[in-house]
Amino acid sequence: MVDKSLELFDCGHRACGGCGPAMLARLMLKGAGEDTIVVASTGCMEVFSTPYPETAWKVPWIHSLFENAAAVASGIEASLKHNNRTEKVICICGDGATFDIGMLCISGAFERGHDITYICYDNEAYMNTGIQRSGATPYDASTTTSPAGRLSTGNNRPKKDLPQILNAHGASYVATASVAYPMDVMKKVEKAVNTPGACYLQVHCPCSTGWGFDGSKTIEIGKQAIESGLWVNYEMENGELVRAKKVRRVPVDDYLKAQKRFRHLFKPQPNTEEIAKIQAIADANAEKYGIDIKLD
Amino acid sequence: MMQIMEGSHAIAEAARLCRPEVVSAYPITPQTHIVERLADFVADGDLNAEYICVESELSALSVCLGSSAAGSRVYSATSSQGLMLMAEVVFNVAGMRQPIVMSIANRALGAPLSIWNDQQDSISLRDAGWFQVYGEDVQEMTDLHFIAYRAAEQHNVLLPGFVCFDGFILSHTYEPVDIPSQEEIDAYLPPYVPYNKLDAKAPLSMGMYATPDYYHEFRYELDEAMTRSADVISAAGKEFAEMFGRDYSGHIENYRMDDADVAFIAMGSLCGTVKDAIDEMRADGIKAGLVKIRTYRPFPAKEIAQALAGVPKVAVLEKNISLGSAMKGAVGPEVKDAVTGTGIDVYSYVVGLGGRDIRKKDIRAIAALAEKGVGNTFYGLRTEVL
């Protein structure tokens with residue numbers, strides 16, 4: 001067990017108030033411990049935590065490019081292995097770096113089975129460049145490149161199911177988590193870094209700036225995502241779904257209404273047709289992962 | 001030990017002797033024989049390295065970057081399109097000051113697709129912050145790998161380097177080559193001592209972003225290191241000469257330049273053809289000479305100026321095209337700059353793109369063009385297909 005009282009991601013970084021990814025950085029290192037090398041992709045977290053000559057990282061940290069963190073981590077792992085070193089290697093990358101531009105390097109690293117943990121801080125759009133749509137952006141979210149308009153209800157595609165894609169690579173451990181449940185994040189990180197082979201953790205990280213909510217509501221929004229069924233916390237081991245967080249599901253409306261990115265679905269009056277489609281996504285999630293608490 | 005060996009296999013031997021801890025590469029013609037042979041070495045236990053078969057050149061160099069940052073000596077090799085795919089990482093490696101050595105089997109760039117030789121690939125990345133050396137024959141391109149590692153890893157340099165050689169023309173040619181013993185290379189190239197590395201016992205952050213307050217100075221430091229590398233590469237060549245008897249201490253090599261009326265400038269395997277052509281031209285009373293550029297980055301402007309002093313006409317043979325530039329080739333303008341104010345006429349000739357043979361008679365014809373003051377042009381166009 002690692003010492004979870006250690007603060008290895010320091011204060012004084014430049015994230016927005018209530019930043020979900022900043023919470024994850026702290027929790028991630030509590031779960032992984034001091035004996036960790038972190039590989040970052042280009043993105044919000046890299047920028048808010050390492051403006052030269054300052055750094056918030058108390059563990060070894062490296063950033064190369066936007067898309068190649070999984071390959072850089074592969075190389076680090078190879079070097080450690082060659083020299084019988086024991087550090088854990090973690091990638092921490094945004095959803096753009098993970099779902100989109102980094103797919104090539106990630107697929108290669110997982111197919112090769114490097115002993116790395118790849119963590120995606122999923123805030124569901126390119127936030128560092130100003131809230132552009134990514135493959136992780138949920139259906140109907142309005143972003144600067146998938147804006148709602150007279151002919152548009154926002155992003156017209158559902159979120160890519162990346163955990164299943166990496167599961168199909170034969171990853172020994174694939175899990176999702178949310179910063180709204182910090183103990184769960186730490187537990188899953190600790191499990192991932194101690195599981196041999198390439199592991200993937202996708203962590204829902206509400207972004208007050210990109211999603212449009214007050215920075216004091218990050219945890220609340222994260223919980224609403226879970227309770228609506230639009231985000232599911234689950235674990236897959238050796239290809240099998242072994243655990244999913246069960247909930248007493250509530251309709252998606254409140255989660256959507258709380259965020260400016262979905263505001264267009266309620267103005268001037270509720271777009272019941274589109275809201276029903278989003279509800280159907282939540283219903284499908286509930287069915288797929290069996291998260292509904294059913295009373296006999 | 002002197003052996004008859006394919007160029008690629010000689011390079012694989014050189015890479016093996018340098019004891020990289022991690023080898024990562026992606027197959028591309030005409031580099032493949034190098035990485036196949038290295039895979040054999042690892043499979044047979046003749047090289048104790050992690051051999052990482054990646055899914056692209058982007059990952060090949062990224063893996064090398066990670067291993068290097070963790071403190072390992074690493075090796076990769078590529079060509080052409082592969083180098084272009086890794087281009088973003090190429091710049092990044094230099095900026096992060098990782099002394100990675102990579103072999104470049106020079107090949108043309110598409111479109112149209114061509115697997116054959118010119119030097120467009122490495123020359124296109126001349127500004128990436130890697131030193132670049134070019135071998136003329138199998139022995140030289142093999143030896144340059146030892147020198148490249150030795151120079152790159154010096155803490156007053158810490159720059160990556162390309163060892164370039166003409167694809168097929170050298171990579172696939174069998175020549176007699178003296179492969180040093182492991183003991184000899186161990187004596188010449190000590191284990192890599194990183195300046196710093198990723199280490200949980202001494203945490204540091206690498207690859208941070210720089211605001212306008214700092215970026216400018218980072219690039220200055222990189223250029224200073226490149227400038228310093230000239231003497232370090234030269235010294236590494238001198239030490240190599242003392243141990244092995246083959247002297248690569250000069251960034252250029254002069255061939256029959258003493259009383260030359262026309263000087264050729266070339267890089268790589270073409271130099272052999274040019275030397276033969278020069279011998280024939282001299283037999284016919286044409287006083288021609290060659291300045292062979294071995295180190296292209298850092299550019300040996302001072303040495304070139306000295307070599308060209310008093311030569312009226314200079315013909316730069318360019319296996320590249322700087323599209324839209326006045327002189328056509330990329331090397332010519334730098335040669336011209338080196339002799340600014342001397343009255344020496346410098347002309348570029350774009351030759352042999354995409355693997356077209358350059359013959360002795362072409363060299364002689366180019367000398368005649370230079371004498372007439374005709375240059376900065378393509379040479380040898382098949383006008384009938386235009």
Checklist entry - Counting partner chain Cβ atoms within 10 Å of every residue's Cβ in B:307-313, what's the average? => result 0
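Return the inverse of the average 1/r over all pairs of distinct C-alpha atoms in region A:140-246, which is the Kirkwood hydrodynamic radius, in Å to one decimal.
Numbers: mean 1/r = 0.0655 Å⁻¹.
Result for region A:140-246, one decimal place: 15.3 Å.
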Checklist entry - What list of ³J(HN,Hα) values in whole Hz, one per residue of region B:286-301 in order, does the Karplus curve 6.51 cos²θ - 1.76 cosθ + 1.60 (θ = phi - 60°) give from phi, with Gly and Pro shown as x? => result 8, 8, 10, x, 10, 10, 8, 8, 8, 9, 8, 10, x, 6, x, 4
Checklist entry - GNM on chain A, C-alpha springs below 10 Å: top fluctuator among A:Gly239, A:Gly222, A:Gly154? => result A:Gly239
Item to check | Charge dipole of chain B about the Cα centre (unit charges at C-beta), most positive-ward option of B:Ala266, B:Gly341, B:Gln119 | outcome: B:Gly341
Next on the checklist: Can you tell me the orientation of helix B:215-244 relative to chain B, as the angle in degrees between its alpha-carbon axis and the longest Cα principal axis, to the nearest 10?
Outcome noted: 80
Next on the checklist: Given a 10 angstrom Cα cut-off, can you work out which residue in B:Met102, B:Met141, B:Met86 is the most mobile in a GNM of chain B?
Outcome noted: B:Met86
Checklist outcome for this item: Per the charge dipole of chain B (beta-carbon charges, Lys/Arg positive, Asp/Glu negative, Cα centre), the residue among B:Val74, B:Asn106, B:Ser171 reaching farthest to the positive end is B:Asn106
Checklist entry - Could you give the dipole magnitude of region B:2-244 about its Cα centre, charging the beta-carbon of Lys and Arg +1 and that of Asp and Glu -1, in debye to the nearest 20? => result 600
Checklist entry - Which of the lysines could be linked to A:Lys4 by a straight reach, that is with a Cα gap under 18 Å, when you skip same-chain ones fewer than 8 residues away? => result A:Lys30, A:Lys58, A:Lys88, A:Lys187, A:Lys188, A:Lys191
Item to check | Label point distance in nm, B:Val193-B:Asp231, each placed 7 Å from Cα along Cα→Cβ | outcome: 2.0
Checklist entry - Out of residues 5 or more away from A:Ile37 or on other chains, whose amide H comes under 5 Å of its own, with H placed 1.01 Å from N in the peptide plane? => result A:Lys88, A:Val89, A:Ile90
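Let me make sure I get this right: for region A:10-132, a, b and c are the square roots of the gyration tensor eigenvalues over alpha carbons, sorted descending. Under 1.5 in a/c it's rounded, otherwise prolate if a/b > b/c, else oblate. Which is it? Spell out each step's value before the answer.
Working: a/c = 1.97, a/b = 1.25, b/c = 1.57.
In terms of gyration-tensor shape, oblate.
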Checklist entry - What average count of beta carbons from other chains do you get within 10 Å of the Cβ of residues in A:41-52? => result 3
Checklist entry - Across region B:69-85, in residue order, what do the Karplus-derived ³J(HN,Hα) couplings come to in whole Hz, using 6.51 cos²θ - 1.76 cosθ + 1.60 with θ = phi - 60° and x for Gly and Pro? => result 5, 7, x, 9, 6, 10, 9, 8, 8, 7, 7, 6, 4, x, 5, 5, 5
Checklist outcome for this item: With the dipole of the protein assembly as shown defined by +1 on each Lys or Arg Cβ and -1 on each Asp or Glu Cβ, the option from B:Pro180, A:Val59, B:Val138 whose Cα lies farthest towards the positive pole is A:Val59
Checklist entry - In terms of the Cα gyration tensor, with a ≥ b ≥ c the square roots of its eigenvalues, is chain A rounded because a/c is under 1.5, prolate because a/b exceeds b/c, or oblate? => result prolate
Item to check | Acute angle (nearest 10 degrees) that the helix A:20-32 long axis makes with the longest principal axis of chain A, alpha-carbon atoms | outcome: 40
Item to check | Euclidean distance of C-alpha centroids, region B:39-60 and region A:220-269, integer Å | outcome: 44
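Other chains' Cβ within 10 Å of B:17-28 residues: what's the mean?
On the way: counts 0, 0, 0, 1, 5, 8, 1, 4, 0, 1, 0, 0.
For this peptide, the per-residue mean of nearby foreign Cβ atoms is 2.
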Checklist entry - Any idea how far apart B:Ala326 and B:Thr211 come out in nm if each label point goes 7 Å out from Cα toward Cβ? => result 4.1
Checklist entry - For A:His114, B:His155, A:His169, what ranking results if the residue with the fewest other Cβ atoms within 10 Å of its Cβ goes first? => result B:His155, A:His169, A:His114
Item to check | Between region B:89-121 and region A:112-132, the alpha-carbon center distance in angstrom | outcome: 29
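Specify whether the C-alpha gyration tensor of region B:252-385 places it in the rounded, prolate or oblate class, a ≥ b ≥ c being the square roots of the eigenvalues: rounded for a/c under 1.5, otherwise prolate if a/b is larger than b/c and oblate if not. Mind dumping the intermediate values first?
Working: a/c = 1.42, a/b = 1.11, b/c = 1.28.
Taking the square roots of the gyration eigenvalues as a ≥ b ≥ c, region B:252-385 is rounded.
May I ask for the net charge around B:Gly237, where only other residues with Cβ less than 12 Å from the Cβ of B:Gly237 are counted and Lys, Arg are +1 while Asp, Glu are -1? Each step should come with its number before you reach the end.
Details: positive: B:Arg150, B:Lys238, B:Arg246, B:Arg294; negative: B:Glu140, B:Asp143, B:Asp231, B:Glu239, B:Glu242, B:Asp247, B:Glu253.
Here the charged neighbours net out to -3.
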Next on the checklist: So if I place +1 on the C-beta of Lys and Arg and -1 on the C-beta of Asp and Glu, and nothing else carries charge, what would the dipole magnitude of region B:252-385 be about its Cα centre? I want it in debye, nearest 20.
Outcome noted: 280
Next on the checklist: I want to verify the translational diffusion coefficient of region B:310-361 in µm²/s; compute it with Stokes-Einstein, Rh as the Kirkwood radius over Cα pairs, at 25 °C and 0.890 mPa s.
Outcome noted: 209
Next on the checklist: Please report the equivalent ellipsoid semi-axes of the protein assembly as shown, computed as sqrt(5 x eigenvalue) of the Cα gyration tensor, largest first, in whole Å.
Outcome noted: 55, 27, 21
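Treating only the Cβ of Lys, Arg, Asp and Glu as charged (+1, +1, -1, -1), what charge dipole size does region A:20-289 show about its Cα centre? Round to the nearest 20 debye.
On the way: 29 positive and 29 negative charges, 101 e Å.
Once rounded to the nearest 20, the dipole reads 480 debye.
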Checklist outcome for this item: Footprinting proxy, B:Leu159, A:Leu241, A:Leu6: sorted fewest to most Cβ within 10 Å, the residues are A:Leu6, A:Leu241, B:Leu159
Item to check | region A:1-37 and region B:308-370: distance between their alpha carbon centers, rounded to Å | outcome: 58
Checklist entry - In sequence order, what are the phi-derived ³J(HN,Hα) couplings for region B:332-347 according to the Karplus relation 6.51 cos²θ - 1.76 cosθ + 1.60 with θ = phi - 60°, rounded to whole Hz, with x for glycine and proline? => result x, x, 6, 5, 4, 4, 5, 10, 3, x, 8, x, 6, 8, 10, 10
Next on the checklist: Give the lysines whose C-alpha is closer than 18 Å to that of A:Lys260, dropping any in the same chain fewer than 8 places away, or say none.
Outcome noted: A:Lys217, A:Lys223
Checklist outcome for this item: Low-density loop trypsin sites (Lys or Arg not before Pro), region A:106-168, at most 11 other Cβ within 10 Å, DSSP non-H/G/I/E/B, are A:Arg150
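Fewest first, what order do B:Lys336, B:Lys201 take by the number of other Cβ atoms within 10 Å?
On the way: B:Lys336 19, B:Lys201 9.
Lowest to highest Cβ neighbour count: B:Lys201, B:Lys336.
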Item to check | Three principal axis lengths of region B:2-244 [C-alpha, angstrom, descending] | outcome: 54, 46, 34
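Taken together, the values in this text are just the output of simple stated rules run on the coordinates, not laboratory data. The structure displayed is predicted, hence computed values, not measured ones. Neighbour counts are summed over all protein chains in view; Cβ atoms, including those assigned to glycine, are modelled from backbone coordinates with ideal geometry.
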